[in-house]
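This report refers to the structure that appears directly beneath it.
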Amino acid sequence: MGASGTNMRFCTKCTHGFSEGAFTTMKGRSMAKSKVILVNDLMQSGYQYELTAPAGQQFEAGFEPHYAPGEMLELGVFEGKYLNDCREEFPASWFQNAKLSQKADASVNHFGIKSRQPLKVWREKGWIISPDPRGWFQWYCRYYMGRRLDTIDQMQIKRWRGFSRHARQVQLNCDPADIFCRPRQRQALLQWAYDPFI
């Protein structure tokens, strides 16, 4: 089921980075309380944000990522080095089976190939949208956890929708049984929470 589906796996006991417990259950439904996340890592210090939606739920209409962040980390994304210094911000369960590396290592990626631009290029092209200095995936992790920032969310969801062109290119150019056709594009699709196994 997609990341915004109803059968989400969320560890209600994981409170790393939370100022207090994350969610309560009321009549079988997860209800978000407003919680504040404090961020202090190598790229961002003193930043805080509120969780105003239940984790993995209440996504913008039409925003239906195929994977939750923890699933992406387990499959192998961003050469294993994307969130290493900011793990306290996110649920510990995301990292239990994550493929991580102390230095960027393309072999950690699911398709074993490098598929990203350096952060310097992202900045030069204006792809980094404040307040998420690590880019789209950091935004998605925070959005998935329940942060909502209307203007930023709309911009990032628009970027996610635009990335669907890569899925179409894979479909047009690859035999459905050949998952090794266009591995760089497939890795990029995975890193944008699209299904790379189309």
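Each reported figure results from applying straightforward, stated rules to the coordinates on display, with no laboratory input. All of these numbers come straight from a predicted model, not from anything done at the bench. All Cβ positions, glycine included, derive from the backbone under ideal geometry; neighbour counts span all protein chains shown.
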Give the relative contact order (percent, whole number) for the stretch 23-191; include only Cα pairs under 8 Å separated by 6+ residues.
-> 23
Counting other beta carbons within 10 Å of each Cβ, put Phe180, Phe111 in order, fewest first.
-> Phe180, Phe111
Proxy exposure order for Ser34, Ser115 (fewest C-beta within 10 Å first) is Ser34, Ser115
Provide the net charge surrounding Cys86, with neighbours chosen by a C-beta distance below 13 Å and charges set as Lys +1, Arg +1, Asp -1, Glu -1.
-> -1
In Å, what Rg and Dmax follow from the Cα atoms of the stretch 64-182?
-> 15.0, 41
Taking the Cα centre of the stretch 23-191 as origin and charging only Cβ (+1 Lys, Arg; -1 Asp, Glu), how large is the dipole, in debye to the nearest 20?
-> 300
State the answer as a single residue: which of Asn97, Met145, Gly126 lies farthest towards the positive end of the charge dipole of the stretch 23-191, with beta carbon charges of +1 for Lys and Arg and -1 for Asp and Glu, about the Cα centre.
-> Gly126
